[in-house]
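One structure is given here, and the rest of the page talks about it.
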Amino acid sequence: MMREEYNIEDLNPRKNPYAKRLKKQITINIDNDTVDFFKEQSEESGIPYQTLINLYLSDCARNKKQLQISWE
């Protein structure tokens, strides 16, 4: 049976334990070849390609990987 009103204090509110893991939607341009690579990985793993891209970038950030760029 639903009450008409609830006392929020009785609901034991707490901070969201996943707040740090919230995602932010952005627009990004990625080369077709790169997207195709992750889509192929997606088909093999069964994990959505956008999730794979996020996992890869998260790993780079977590391990503080530095870009090694050389223009030749």
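The values are calculated or read from the model by the stated rules, or taken from the named source; none is laboratory data. Fair warning: this is a prediction, and the values are worked out from it, not measured in the lab. Cβ placement follows ideal geometry from the backbone for every residue including glycine, while neighbour counts extend to all protein chains displayed. Heads up: the accessible areas ignore ligands, DNA and RNA and are worked out on the full protein's heavy atoms, side chains in. Shrake-Rupley method; radii C 1.70, N 1.55, O 1.52, S 1.80 Å.
How tilted is helix 32-45 with respect to the longest principal axis of the chain? Cα atoms for both, answer in degrees (0 to 90, nearest 10).
Taking the Cα atoms of the chain, the angle to 32-45 is about 60 degrees.
Heavy atoms only, probe 1.4 angstrom, no DNA, RNA or ligands counted: give me GLU5, GLU40 ranked by accessible area, highest first.
GLU5, GLU40
Roughly speaking, what is the stretch gain from PHE37 to TYR18, that is 0.36 nm per residue apart minus the C-alpha to C-alpha distance, in nm to one decimal?
Result for the pair: 3.9 nm of gain on full extension.
Output the 0 to 90 degree angle, nearest 10, between the alpha-carbon long axis of helix 49-62 and the longest principal axis computed from the alpha carbons of the chain.
Around 90 degrees separate the two axes.
If I ignore ligands, DNA and RNA and count only protein heavy atoms, how much of ASP31 is accessible to a 1.4 Å probe, in Å² to the nearest 10?
110
DSSP loop (so not H, G, I, E, B), at most 10 other Cβ within 10 Å: list which trypsin sites (Lys or Arg not before Pro) in the chain pass both filters.
Values: sites: ARG3, ARG14, LYS15, LYS20, ARG21, LYS23, LYS24, LYS39, ARG62, LYS64, LYS65; in loops: ARG3, ARG14, LYS15, LYS23, LYS24, LYS64, LYS65.
Sites meeting the loop and neighbour criteria: ARG3, ARG14, LYS15, LYS23, LYS24, LYS64, LYS65.
Where does the chain land at 222 nm, in deg cm²/dmol rounded to the nearest 500, when only DSSP H runs of n ≥ 4 count, each adding -39500 (n - 2.57), divided by all residues?
The per-residue figure over the chain is -12500 deg cm²/dmol.
Suppose every K and R has +1 on its Cβ and every D and E has -1 on its Cβ; what is the size of the dipole of the chain about the Cα centre, in Debye to the nearest 20? Don't jump to the answer; show the numbers that get you there.
Working: 11 positive and 12 negative charges, 109 e Å.
Roughly 520 debye for the chain.
For a Förster distance of 35 Å, can you work out the FRET efficiency between the beta-carbons of ILE69 and GLU9, rounded to the nearest 0.05?
0.05
Can you work out the Karplus-derived ³J(HN,Hα) for every residue in segment 16-27? Use 6.51 cos²θ - 1.76 cosθ + 1.60 with θ = phi - 60°, whole Hz, and x for glycine or proline.
So the Karplus estimates, Gly and Pro as x, are 5, x, 9, 4, 5, 9, 4, 9, 10, 7, 9, 10 Hz.
Please work out whether segment 22-68 counts as rounded, prolate or oblate from its C-alpha gyration tensor, where a ≥ b ≥ c are the square roots of the eigenvalues and a/c under 1.5 means rounded, while otherwise a/b larger than b/c means prolate and anything else oblate?
Cα axes put segment 22-68 in the rounded bin.
Which chymotrypsin sites (Phe, Trp or Tyr not before Pro) in segment 14-50 sit in a loop by DSSP (not H, G, I, E or B) and have at most 14 other Cβ atoms within 10 Å of their own Cβ?
For chymotrypsin sites (Phe, Trp or Tyr not before Pro) across segment 14-50 that sit outside H, G, I, E and B with at most 14 neighbouring Cβ atoms in 10 Å, the list reads TYR18.
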